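**Student:** Quick one: this structure, given as structure tokens, is what I'll be asking you about.
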Amino acid sequence: HGREEGRDLHARLVDQAKRQYEFGDVNNNYAVEALSCYAVLQVYKDDVSLHLKLGDNLRHLAWFKDSEDAYRQALELDPESAVIYSNLAFIRQVTFNKQEALPLYQQALERIKPGEEGLKIQIERQISSVQETLDFIARVG
């Protein structure tokens, strides 16, 4: 499901949604949800939550480059969001860029607001996990 050169996100999402429908994959609505977000964003370009939701749905499709693009759009609109930094870090983590994930997770921690204690715990766990992996790689490297 990688990025196909020369095809825009909308066209790829339409194709993915059709495939999901044809194969009866009704439990996986990520392409349809992403398509809805994409369509609404054409009108409401400054809606941070829509960019986040688009990024989340693209991440679930394993379209990591597109997901990162959506999160970066959200970050431009809300540069103080711990959630957005955490999501960007997670993309780095799952695409084997663990070294790049750590500073993003740190930036997320620095932006934690009151009421985001659950997110703080999640980020701390991710930092610990990434650090353990990097330490292991350094030992056996």
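**Student:** In the set Asp78, Asp66, Asp47, which member is charged (D, E, K, R), farther than 27 Å from Leu134 by Cα and in contact with a helix residue (DSSP H, G or I) (Cβ under 6 Å, 6 or more places away or on another chain)?
**Tutor:** Values: Asp66 fails: farther than 27 Å from Leu134 by Cα; Asp47 fails: in contact with a helix residue (DSSP H, G or I) (Cβ under 6 Å, 6 or more places away or on another chain).
Asp78 is the lone residue from the list that is charged (D, E, K, R), farther than 27 Å from Leu134 by Cα and in contact with a helix residue (DSSP H, G or I) (Cβ under 6 Å, 6 or more places away or on another chain).
**Student:** Hey, does region 28-41 have a residue that's over 18 Å from the mean Cα position of the chain (by Cα) and of a type in the set (Gly, Ala, Ser)?
**Tutor:** First, the residues of region 28-41 that are over 18 Å from the mean Cα position of the chain (by Cα): 39-40.
Restricting the remaining residues to those that are of a type in the set (Gly, Ala, Ser) gives 39.
Yes, some residue in region 28-41 is over 18 Å from the mean Cα position of the chain (by Cα) and of a type in the set (Gly, Ala, Ser).
**Student:** With the condition kept exactly as written, say whether any residue in region 56-79 is over 24 Å from Gln126 (Cβ atoms) and part of a helix (DSSP H, G or I).
**Tutor:** Looking only at region 56-79, we keep the residues that are over 24 Å from Gln126 (Cβ atoms), and these are none.
Scanning region 56-79, I find no residue that is over 24 Å from Gln126 (Cβ atoms) and part of a helix (DSSP H, G or I), so the answer is no.
**Student:** Gln73: closer than 16 Å to Ala11 by Cα, of a type outside the set (Phe, Trp, Tyr) and open to solvent by 50 Å² or more (accessible area, probe 1.4 Å), yes or no?
**Tutor:** Details: closer than 16 Å to Ala11 by Cα: no; of a type outside the set (Phe, Trp, Tyr): yes; open to solvent by 50 Å² or more (accessible area, probe 1.4 Å): yes.
Here the answer is no, as Gln73 does not meet what is asked.
**Student:** Next up: Search region 16-31 for residues being among the charged types (D, E, K, R) and out of contact with any Asp or Glu (no Cβ under 9 Å at 6 or more places or on another chain), and hand back the single one that is modelled with the highest pLDDT.
**Tutor:** Here the answer is Lys18.
**Student:** Can you confirm whether region 40-55 contains a residue that is within 24 Å of Gln93 (Cα to Cα), at pLDDT 95 or above and either open to solvent by 80 Å² or more (accessible area, probe 1.4 Å) or in contact with a Gly (Cβ under 6 Å, 6 or more places away or on another chain) (or both)?
**Tutor:** The answer is yes; a qualifying residue exists.
**Student:** Only residues in region 74-86 that are among the acidic types (Asp, Glu) count as the first member; pair them with residues that are in a helix (DSSP H, G or I), Cβ under 8 angstrom, at least 6 apart or cross-chain, and list the lot.
**Tutor:** Qualifying pairs under 8 Å: Asp78/Val48; Asp78/Ile84.
**Student:** Right, another one. What are the residues in region 86-118 that are in a helix (DSSP H, G or I), β-branched (Val, Ile, Thr) and surrounded by 15 or more Cβ atoms within 10 Å (Cβ to Cβ), if any? Quick ask: steps written out before the conclusion?
**Tutor:** If we filter region 86-118 for residues that are in a helix (DSSP H, G or I), which is where we start, we get 86-94, 98-110, 117-118.
Keeping just the survivors that are β-branched (Val, Ile, Thr) gives 91, 94.
Within region 86-118, Ile91 is the sole residue that qualifies.
The values are calculated or read from the model by the stated rules, or taken from the named source; none is laboratory data. Everything quoted here is computed from the prediction, not taken from an experiment. All Cβ positions, glycine included, derive from the backbone under ideal geometry; neighbour counts span all protein chains shown. Side chains are part of the model used for accessible areas, which takes the heavy atoms of the whole protein and leaves out ligands, DNA and RNA. Shrake-Rupley method; radii C 1.70, N 1.55, O 1.52, S 1.80 Å.
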